[in-house]
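The values are calculated or read from the model by the stated rules, or taken from the named source; none is laboratory data. These numbers come from a predicted model, not from an experiment. Glycine gets a Cβ as well: all are built from the backbone with ideal geometry, and neighbour counts include every protein chain shown. With ligands, DNA and RNA removed, areas are computed over all heavy atoms of the protein, side chains included. Shrake-Rupley method; radii C 1.70, N 1.55, O 1.52, S 1.80 Å.
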Amino acid sequence: MSSETPKKTPIPPWAWPFAIVCFAIPVVAIGGAIPTGLGIAGGLYCLAVARRLEKTEKHRVIHCVAATAICWSLFAALAVGVATLRTKSRASSSSHAQARDGMPSELTSVSAGASEQDVLADEDSRREIYAMAVRMREPLERAEARKVERRRRGLDVGISDKQIDHIERMHENHLDFATRFYKITREELDAVIVEGDRKRWPMN
């Protein structure tokens with residue numbers, strides 16, 4: 001008996017931008033088991049959902065948008081948690097160093113309070129703020145580049161527009177969260193970003 005191997009359902013072209021945005025998570029994070037697993041799982045989920053032809057295209061797009069948003073939200077929460085631990089670790093190290101130098105505990109407490117208020121006075125802190133603020137820059141630039149390429153090839157850019165709009169909203173939410181987390185104004189955050197771009201600080 002001869003049997004034909006069933007053909008796999010092709011992946012719709014519009015699904016790839018969602019998958020690539022998810023796959024970008026471990027790239028932005030520069031490795032790490034959790035970001036890698038999160039990005040790969042999100043990307044594969046988007047591709048799998050996009051091939052379910054029994055569902056309407058609108059239904060599949062909504063699922064891909066939701067999956068991408070969830071993956072990046074979880075990654076942002078993870079990044080904030082790591083940044084918080086690093087900040088506390090540096091503060092603890094600084095307190096121990098001051099104690100070893102013989103600084104009275106009262107002055108140590110005052111110094112710790114001042115450092116929290118003057119987070120922008122320390123370049124290491126500004127570098128950390130910069131890295132957190134520009135995390136969405138690379139995914140946005142890639143999405144815009146794909147839109148340009150699709151337009152050059154004469155393809156519909158509607159999906160790209162939706163994806164760019166979604167990433168831009170996430171980026172704005174990310175910046176708002178950064179201002180609240182570090183207790184700085186948006187103008188101060190923008191100044192840090194300008195400084196980081198000018199000095200070419202690493203984005204991680």
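Side notes on the structure shown:
- Any hit, the range 173-187, residues being farther than 23 Å from Phe75 by Cβ, hydrophobic (A, V, I, L, M, F, W, C) and at pLDDT 80 or above: no
- Each residue in the range 78-106 was checked for being modelled with pLDDT of 70 or more and more than 16 Å from Tyr182 (Cβ to Cβ), and 1 pass.
- Under the condition of being touching a helix residue (DSSP H, G or I) at 6+ places or on another chain (Cβ under 8 Å) and either farther than 22 Å from Val80 by Cα or open to solvent by less than 20 Å² (accessible area, probe 1.4 Å) (or both), the residues counted in the range 33-50 number 10.
- All conditions in (1) modelled with pLDDT of 85 or more; (2) touching a Phe, Trp or Tyr at 6+ places or on another chain (Cβ under 9 Å) hold for Val119, with the sole exception of (1).
- Counting only residues that are closer than 13 Å to Ile34 by Cβ and open to solvent by 20 Å² or more (accessible area, probe 1.4 Å), the range 67-83 holds 6 of them.
- Members of the range 135-155 that are farther than 12 Å from Pro17 by Cβ and surrounded by fewer than 15 Cβ atoms within 10 Å (Cβ to Cβ): Glu138, Glu141, Val148, Arg151, Arg152, Arg153, Gly154
- Gly154 being modelled with pLDDT of 85 or more and more than 26 Å from the chain's Cα centre (by Cα): yes
- Looking only at the range 22-32, and only at residues there that are out of contact with any Pro (no Cβ under 9 Å at 6 or more places or on another chain) and modelled with pLDDT of 85 or more, the one that is least open to solvent (accessible area, probe 1.4 Å): Cys22
- If you go through the range 19-38 and keep only what is touching a residue at least 24 places away in the same chain (Cβ under 8 Å) and closer than 14 Å to Met136 by Cα, you end up with Ile20, Val21, Cys22, Ala24, Ile25, Val27, Val28, Ala29, Ile30.
- Scanning the range 166-201 for residues that are under 15 Å from the mean Cα position of the chain (by Cα), open to solvent by 70 Å² or more (accessible area, probe 1.4 Å) and not aromatic (Phe, Trp, Tyr) turns up Glu168, Arg169, Glu172, Asn173.
- Taking the range 156-178 as the range and being within 14 Å of Pro17 (Cα to Cα) and not small (Gly, Ala, Ser) as the test, the residues that pass are Asp156, Val157, Ile159, Asp161, Lys162, Gln163, Ile164, Asp165, His166, Ile167.
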